[in-house]
């Protein structure tokens, strides 16, 4: 059953603090943070497979966004549901990013022959899983433009010309970017395992 987000307990509502915080008062912002953090942390912790590091990162993101956009909140009494909406959107963004990254890793592993092993060997699943883990780790270290071009050219299977149109660059620029991205990924993989051959 889906857990309902717990409303923070307090002797007084946050409305006055929200108004002061929106006016730039740092003390009011700190008070809002202390008021909302425990409930927000529990909410996200229960939705991130109880990952403390990810929960901390998401909480930080939510408060940065909330305090940045606080002046847009028209009803100060609605601070908690508004904060919860930001958390839900940030969590959804993270989940979509993870899904895209898993697709990239799967395609890169397949491109390297990681999924072409005989199913008769019971150790094959472990080999592929280990390969996926290494590719995932290496891919996450790449520059954003390198990640993007690999997504387009490897996952979506676009030609350099098609990727160039999507990225708003010339064919030659994308061809060069893709080559640099593959080389960067290869180097990162070799750092993790010098004898590892990604097949890129």
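Read-outs: derived from the displayed coordinates by stated rules, not from any lab. Bear in mind that the values here come from a model prediction, so they are computed numbers and not experimental data. When we count neighbours, we look across all protein chains shown, and the Cβ atoms used for this are built from the backbone with ideal geometry, even at glycine.
If we only count helices (runs of 4 or more DSSP H) wholly inside the stretch 6-98, which ones have 1 or more residues that are within 27 Å of residue 151 (Cβ to Cβ) and touching a residue at least 12 places away in the same chain (Cβ under 8 Å)?
26-45, 52-68
Scan the stretch 162-174 residue by residue and report those that are touching a residue at least 12 places away in the same chain (Cβ under 8 Å) and surrounded by fewer than 18 Cβ atoms within 10 Å (Cβ to Cβ).
The initial filter retains those residues of the stretch 162-174 that are touching a residue at least 12 places away in the same chain (Cβ under 8 Å), namely 163, 166-167, 174.
Answer for the stretch 162-174, where residues must be touching a residue at least 12 places away in the same chain (Cβ under 8 Å) and surrounded by fewer than 18 Cβ atoms within 10 Å (Cβ to Cβ): 166, 167.
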